[in-house]
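The values are calculated or read from the model by the stated rules, or taken from the named source; none is laboratory data. This is a predicted model, so every value here is computed, not measured. Please note: Cβ atoms are built from the backbone with ideal geometry, for glycine as well, and neighbour counts cover all protein chains shown. Calculation scope for accessible area: heavy atoms of the full protein, side chains included, ligands and nucleic acids excluded. Shrake-Rupley method; radii C 1.70, N 1.55, O 1.52, S 1.80 Å.
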Amino acid sequence: MALTGFRPRRLLVVLAVLCGVLAAGIAPAAAHAALTGSDPAPGSVVAHAPEQVALTFSEGVAMGDDSLRVLDPQGRRVDRGKLRDLCSGSVVKYGAGLPPGLADGTYTVAWQAISADSHPVSGAFTFSIGAPSKTAAAVPQQQVGGGLVGALYEIARYLAYAGFVLLAGGAAFVLACRPAGARVRSVQRLVVHGWALLTGATLAMLLLRTPYTGSGKLADVFDLGGLQQVVLSKPGAALLARLLLLAAAALFVAVLFGAYARAHRPDGDGPEGDGPEGDGPDGDDTTGAVKRRRDLTLGLAVGGAAVAAGLATTWAIAEHASTGLQPAVAMPVDVLHLLAVAAWLGGLAALLVSLYGGPSIERTAVRRFSRVAFGSVLVLVATGTYQSWRQVGSWRALTDTSYGQLLLVKVGLVVVMVAVAGLSRRWTNRLAATATAGTTASATAAVAVPAAVPATGADAEAKADAARPGASTAPADPDRAAQLARQQAALATARKKRARDADPVRRGLRQSVLTEAAIAVVLLAVTTTLTTTEPARTEEAVKAATAGRSPDANQPRVLTVPFDTAGPGGRGSARIDLDPGHSGGGNELRLRISDPSGKARDVPEVKVSFTLDAKKLGPLPVALHHSGTGHWTASGVQLPVPGQWQLSLLVRTSDIDQVTETRNVTIN
């Protein structure tokens with residue numbers, strides 16, 4: 001494959017942007033805390049206005065007084081505007097009080113909250129008092145965390161991960177694998193760009209946090225009051241701490257590419273990135289210089305590890321690891337996982353730019369990175385297995401939940417990447433095995449290639465000057481001499497590059513590493529999407545809770561029975577609620593009589609009874625108690641066995657006008 005003019009960075013940039021858009025397109029982010037219950041239940045009809053509306057969540061959430069709103073049929077807010085913390089033990093529950101005397105009709109409950117792992121969640125449902133009605137309540141169609149703001153926030157999250165990988169992994173590559181890489185411009189640019197990318201993405205996330213968790217309006221990034229509230233929250237504090245750590249990282253980078261690079265400059269070397277490289281101290285170094293170099297390396301290694309661990313912790317304390325099972329264990333494991341990802345993928349990026357730009361990389365550096373990558377993979381397997389168990393919980397959840405399916409995709413990508421890394425390792429071994437022969441071949445190519453290339457431009461001009469009769473060995477003009485020196489240096493660099501590119505082993509290594517890097521870009525996008533997806537354990541718990549309150553078992557039986565006694569004022573309807581509607585005792589019956597306009601009204605007499613013809617049971621009368629205008633209730637209604645019962649309703653509207661209506665009711 002011809003590599004002339006090839007730009008691997010262009011391919012990586014395109015892939016990164018594409019994957020970032022794909023990851024951000026999954027908006028809004030899937031819920032992490034889920035609503036597992038409410039009182040009143042969604043869609044239910046209650047006889048009397050409840051004292052409050054209560055919501056139960058699967059995990060801890062942050063809510064304010066405006067996080068739960070109850071709207072009447074006209075769309076007016078009717079709750080008291082004060083949130084109550086009803087949490088007890090492991091039950092996460094919040095409520096909002098309601099005033100007495102609410103009119104009959106359909107009410108809308110709209111809520112939003114921030115999960116303990118920093119992701120916003122929201123929803124809405126309705127319940128009715130007395131009987132359902134039309135409602136003018138306007139509920140936002142876009143969930144919190146969605147739209148343009150959600151897309152921008154997810155892109156910033158992806159870029160933050162990418163920046164951390166390049167910054168931490170690139171620096172680790174220099175310290176652990178290739179100290180001379182501190183003088184290579186392409187490696188310097190990689191690490192500095194990683195720092196800039198992480199800093200910019202963190203600032204963007206901090207500013208976007210207010211609209212992301214609230215209004216969804218992009219203009220709210222300039223809301224200073226909202227920014228103040230964000231900084232006081234756990235996710236905001238984590239982002240602020242990340243910015244402070246990035247200031248320390250800037251100092252680390254300055255020393256790495258300043259004093260550390262100068263300490264590893266061989267004597268007589270030219271400008272950075274243009275001359276030969278070495279990995280160890282030169283033979284002319286004094287004992288003091290060697291000691292200073294060793295102390296500088298140790299200081300950078302310890303300081304860099306502390307800063308990198310601190311940056312990784314800002315993710316661990318604000319996302320999945322901080323909630324759910326064993327957070328005290330999960331957060332350190334998550335930090336190790338992120339550091340291993342950075343060492344592998346960031347080192348891979350540094351190796352890639354070293355292979356394609358700057359002086360030829362030493363085979364010892366490639367072999368060192370191979371060992372570092374192998375150790376990183378072992379750490380990833382161990383920490384990833386624990387994280388998978390913690391977030392998934394069962395084999396079935398791997399295929400039945402979105403989180404499990406994404407996790408399978410991630411595992412597949414890792415397996416493919418490890419296989420390609422094995423191919424790179426084979427090229428590395430061949431590079432070491434053919435080192436002597438490769439050196440000889442490169443020297444031969446360095447001599448042969450210029451002879452095969454016609455002398456043009458600066459080369460021809462230099463030769464013409466040397467062949468001119470009477471020409472001196474050095475031009476009299478100093479500027480001309482400097483120009484010729486630069487031309488000769490450029491020609492020497494071009495010869496070295498042609499000789500390097502002609503090496504089939506190094507070419508094969510470059511291609512396999514480029515393939516690894518392309519897979520790594522996609523892998524990072526999938527990982528970012530995983531962090532915004534509801535964990536499988538939570539999704540399974542919500543499904544189980546929903547199944548536990550299925551309509552057939554725990555929802556009231558609701559019947560609307562129109563009637564007409566054929567006398568004056570004899571028309572109307574009866575609303576009957578039987579809760580929970582199962583066999584045995586413990587059922588509560590609520591009855592509401594209304595006129596044709598829907599207004600509650602009293603009647604002289606009303607009776608309810610149940611009959612089960614299949615078992616020859618009944619009629620079983622219900623003892624009704626008048627509880628208010630148009631309302632009757634009965635507690636402890638006994639329906640001995642399940643089956644298709646017949647409900648009989650007698651309504652008398654005058655001394656002589658009455659009617660009996662029957663309806664079938666399924667009792668489990």
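Below are the figures for this structure:
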{"item": "Solvent exposure ordering (accessible area, 1.4 Å, most first) of I656, I317", "result": "I656, I317"}
{"item": "Mean shadow area of the range 74-223, taken as a quarter of the surface of its Cα convex hull (nm²)", "result": "13.7 nm²"}
{"item": "Dipole moment magnitude, nearest 20 debye, the range 136-257 about Cα centre, only Lys, Arg, Asp, Glu C-beta charged", "result": "460 debye"}
{"item": "Point-charge dipole on Cβ atoms (K/R +1, D/E -1) for the range 338-416, about Cα centre, debye to 20", "result": "180 debye"}
{"item": "Mean Cβ neighbour count within 10 Å, used as a protection proxy, ranking 163-170, 36-43 highest first", "result": "163-170, 36-43"}
{"item": "Gained length - L251 relative to A196, 0.36 nm times residue gap less alpha-carbon distance", "result": "18.5 nm"}
{"item": "Computed label-point distance, nm, for sites D602 and S133 using a 7 Å Cα→Cβ extension", "result": "2.2 nm"}
{"item": "Accessible area of D400 in the full protein assembly, 1.4 Å probe (Å², nearest 10)", "result": "70 Å²"}
{"item": "Point-to-point label distance, S394-F222, nm (Cα→Cβ direction, 7 Å offset)", "result": "5.2 nm"}
{"item": "The range 561-626 - percent of accessible surface contributed by carbon and sulfur, probe 1.4 Å", "result": "52 percent"}
{"item": "Additional length obtainable on full extension of the chain from R84 to Q488, 0.36 nm per residue less Cα span", "result": "137.5 nm"}
{"item": "With DNA, RNA and ligands ignored, accessible area of R371 (1.4 Å probe; Å², nearest 10)", "result": "140 Å²"}
{"item": "Heavy-atom accessible area ranking, 1.4 Å probe, most first, across L378, L624", "result": "L378, L624"}
{"item": "Residues L148 and F374, FRET efficiency given R0 of 51 Å [Cβ-Cβ distance, rounded to 0.05]", "result": "0.75"}
{"item": "Residue-level accessible surface for M331, protein heavy atoms, 1.4 Å, Å²", "result": "60 Å²"}
{"item": "Net lengthening on full extension, V415/H48 (0.36 nm per residue, minus Cα-Cα)", "result": "126.2 nm"}
{"item": "Distance between the range 149-215 and the range 637-663 - C-alpha centres, whole angstrom", "result": "71 Å"}
{"item": "Accessible surface ranking that places the most exposed of K82, K410, K234 first, with a 1.4 angstrom probe", "result": "K82, K234, K410"}
{"item": "Sorted peptide list for 121-127, 207-213, criterion being average Cβ within 10 angstrom, highest first", "result": "207-213, 121-127"}
{"item": "Restraint check, K93/K134; K234/K291; K82/K134; K93/K217; K134/K217, Cα-Cα greater than 32 Å", "result": "K234/K291"}
{"item": "Radius 15 Å from Cβ of T560, net charge of other residues (Lys, Arg +1; Asp, Glu -1)", "result": "+1"}
